[in-house]
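Trainee: Below you will find the structure I want to go over with you.
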Amino acid sequence: MAQTVLITGANRGIGLELARQWHERGDRVIAVCRQPSDALKELGVRIIEGIDVTKAEDVQRLPGALGDERIDLLYNNAGILLDENLSNMNFETMEQQFEVNTLGPLRVTHALLDRLNEGAKVGLMTSRMGSIDDNDSGGRYGYRMSKAALNAAGKSLAVDLRPRGIAVAILHPGFVKTEMTGNQGHITPDEAAERLIRRMDELNPENTGTFWHSDGSVLPW
């Protein structure tokens, strides 16, 4: 059965591939981004542009831009990866990552609560770098902390949305060859998107709030 899917950060990388694959299987896709790429425009999906997830005024425009549309699946994909270490502790880039990676998904989800159908699903694109237990290499302070905080937010959302039958997935895509990773990784964006969509298909009220690898394994907090 076709569903209405809204994806943030859908102009490139994994977000673009999620939009492509959901669209190709017959779902109605609403792609949200700051500025659409040519590749996104070519998909033929609905695009809502000019939305910066760090800006409250942009996000508050989303419900109005949707018109009468209601959402079956919200996938919070927008994110950034910057780098800090003990020799270069840049607190400004750390704050920037919190704004995009942590507050952005929470801001979007909160703004669209009234547009989520009963029994809808919410996906949060996190990273295993947000796992405290799995951290054995240090560094990447802003990215690690912003994703760990997103994981905590996702768990709270899972609890708070359970009465409405809305399930939440906290998902690590894998090490994916994208612009964010300098095109290094173990899998391609289309492979990552296929696995992430499979996880969203499997999401239900019983497994809501789980921190998953896109391969289906459960990650440690």
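Trainee: Which residue, chosen from LEU81, VAL100, GLY139, occupies the Cα position most advanced towards the positive end of the dipole of the stretch 4-213, where the dipole is computed from +1 (Lys, Arg) and -1 (Asp, Glu) charges on Cβ about the Cα centre?
Mentor: VAL100
Trainee: What FRET efficiency comes out for GLU42 versus GLN96 if R0 is 30 angstrom and r is the Cβ-Cβ distance? Round to the nearest 0.05.
Mentor: My answer for the efficiency is 0.50.
Trainee: Using a 7 Å offset from the Cα along the Cα-to-Cβ direction at both GLN21 and GLN60, what is the distance between the two label points in nm, to one decimal?
Mentor: For GLN21 paired with GLN60, the spin-label model returns 3.6 nm.
Trainee: Apply the Debye scattering formula to the chain, with a single equal point scatterer on each alpha-carbon and no solvent, then give log10 I(q)/I(0) at q = 0.16 Å⁻¹.
Mentor: Normalising to I(0) and taking log10 leaves -1.09.
Trainee: Here's a follow-up. Ranked highest first by average number of other Cβ atoms within 10 Å, how do 87-97, 20-30, 5-15 line up?
Mentor: 5-15, 20-30, 87-97
Trainee: Taking the Cα centre of each part, how many Å lie between the stretch 113-153 and the stretch 4-22?
Mentor: Each part reduced to its Cα centre gives a spacing of 18 Å.
Trainee: At SER137 and ASP52, where each label point lies 7 Å from the Cα along Cα→Cβ, what is the point-to-point distance in nanometres?
Mentor: Each label point is offset 7 Å from its Cα along the Cβ direction, giving 3.1 nm.
Read-outs throughout are calculated quantities, based only on the coordinates presented, and are distinct from any laboratory measurement. Values in this document were obtained by computation on a predicted structure and should not be read as measured data. Heads up, the Cβs are rebuilt from the backbone with ideal geometry, glycines too, and the neighbour counts pull from every protein chain shown.
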